[in-house]
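Nothing in this text is a laboratory measurement; each read-out follows from the coordinates by a stated rule. It should be emphasised that the depicted structure is a prediction, and the values quoted were computed from it without experimental measurement. Counting neighbours? That spans all protein chains shown, and the Cβs are built from the backbone with ideal geometry, glycine included.
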Amino acid sequence: MLKQRVLTALVIAPLALVLLFGLDGGAYACFVGLIVLASGWEWANLAGAESSKEKAGYVGLLLAGLVLLWVTASAQATWPLLLSLVCWMLALYWVARYPQAREQWQGQTRRYILGFFILLPCWVGFMQLRETPWWLFYVLFVVWGADVGAYFAGRAFGNRKLAPRVSPGKSWAGVYGGLAMTVVLALIMAGFQQIGLGGALWLVTISLIVALSSVVGDLLESMLKRHRGVKDSGNLLPGHGGLLDRIDSLTAAIPLFALLAPWVS
C-alpha cells in the first residue's frame with residue numbers, strides 16, 4: 001500500500017503542478033473544471049447517490065454551473081468567495097456539533113446543495129489566484145506544509161484529540177504543529193516578496209486563517225464519509241482513495257485565500 005501511495009504521488013503531484021502553472025486561459029479553466037467535476041462525482045456518492053446515473057446527473061449540474069460562472073464572468077467576482085465563506089462557517093459549526101447537528105445537513109438534497117457551495121467557489125478561487133501565480137503557489141504550499149507540520153507534531157505529541165467523533169486520528173498538537181509551519185512559510189513569503197511589516201503581519205494572519213480552514217475542509221469530508229459509512233470518497237487514485245480525499249483541504253483554503261490575499265500589500 002505504501003509503495004502504491006508513493007508511486008501515485010510521484011506521478012500525480014508533478015503533473016498537476018505542471019498543468020496548474022503551465023496552462024492559462026480556457027485550457028486552465030477546463031483543467032481545474034475537470035478536477036471539480038471528478039470531485040463532484042465523488043461528492044454525489046457522499047451525498048447519498050446510489051447509481052451512476054444519479055452521480056452523472058449531479059456532475060452535469062455542476063458543469064452547467066461552471067459554464068454559467070464562465071460566461072457571466074463570475075469567475076472574477078467576489079460573491080462566490082463570500083458564499084464559500086458562509087458555507088465554511090456553517091461547516092465549522094456542523095463539525096463541532098457532530099452528531100447533534102446532523103439533521104441540518106443529512107438530507108440528500110441538502111448535501112447536494114452543499115457540494116455546489118463548496119466546489120464551484122473552489123473553481124472560482126483557482127481562477128482568480130492564477131492571475132497571480134505566486135499566490136497560487138504559496139497557498140498550495142501553506143496547505144501542504146500545514147499538513148506536514150500537523151503529521152509530525154501529531155505523531156510526537158498527539159494525545160489530546162481534536163474531533164474524536166469525526167476523525168479520531170487528528171489531534172490538537174497536530175493543529176498547533178500545522179499552524180507553526182504556516183507562520184514559518186508566511187514569513188518566508190513576506191521576505192521573498194519584500195512585503196512591509198504591516199503586510200507581513202496580515203499575511204501571517206490570513207495564512208493562519210487559511211490553514212485552520214483547511215482543517216475544517218478535511219474534517220467536513222471525514223464527517224460526511226462517517227455518515228455515509230465509507231472509508232474513502234472514491235478509488236480514482238491508487239493507494240490514496242478518491243480525488244476529493246486529496247483536495248478536501250484545498251476546497252476550503254483556495255476560495256478563502258483568494259478572498260483575502262488582495263488585501264496584502
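Points to keep in mind about this one:
- Within the stretch 127-156, residues that are within 23 Å of Gly174 (Cα to Cα) have Cβ atoms under 7 Å from residues that are small (Gly, Ala, Ser) and surrounded by fewer than 19 Cβ atoms within 10 Å (Cβ to Cβ) in these pairs: Gly149/Ala180, counting only partners at least 6 apart in sequence or on another chain.
- Residues located in the stretch 166-184, provided they are in contact with a Phe, Trp or Tyr (Cβ under 8 Å, 6 or more places away or on another chain) and surrounded by 22 or more Cβ atoms within 10 Å (Cβ to Cβ): Val166, Ser171, Gly174, Gly177
- Scan of the stretch 198-216 for residues that are surrounded by 22 or more Cβ atoms within 10 Å (Cβ to Cβ) and farther than 26 Å from Pro164 by Cα, ordered by number: Leu203
- Residue match in the stretch 152-165 (condition: part of a helix (DSSP H, G or I) and crowded, with 17+ Cβ neighbours inside 10 Å): yes
- In the stretch 75-92, residue surrounded by the most Cβ atoms within 10 Å (Cβ to Cβ) [restricted to those that are assigned to a helix (DSSP H, G or I) and polar (S, T, N, Q)]: Ser84
- The residues of the stretch 116-151 include none that are surrounded by fewer than 19 Cβ atoms within 10 Å (Cβ to Cβ), of a type in the set (S, T, N, Q) and in a helix (DSSP H, G or I).
- Restricting the stretch 185-197 to residues that are touching a residue at least 12 places away in the same chain (Cβ under 8 Å) and surrounded by fewer than 19 Cβ atoms within 10 Å (Cβ to Cβ) leaves a set whose member that is nearest to Phe141 (Cα to Cα) is Leu187.
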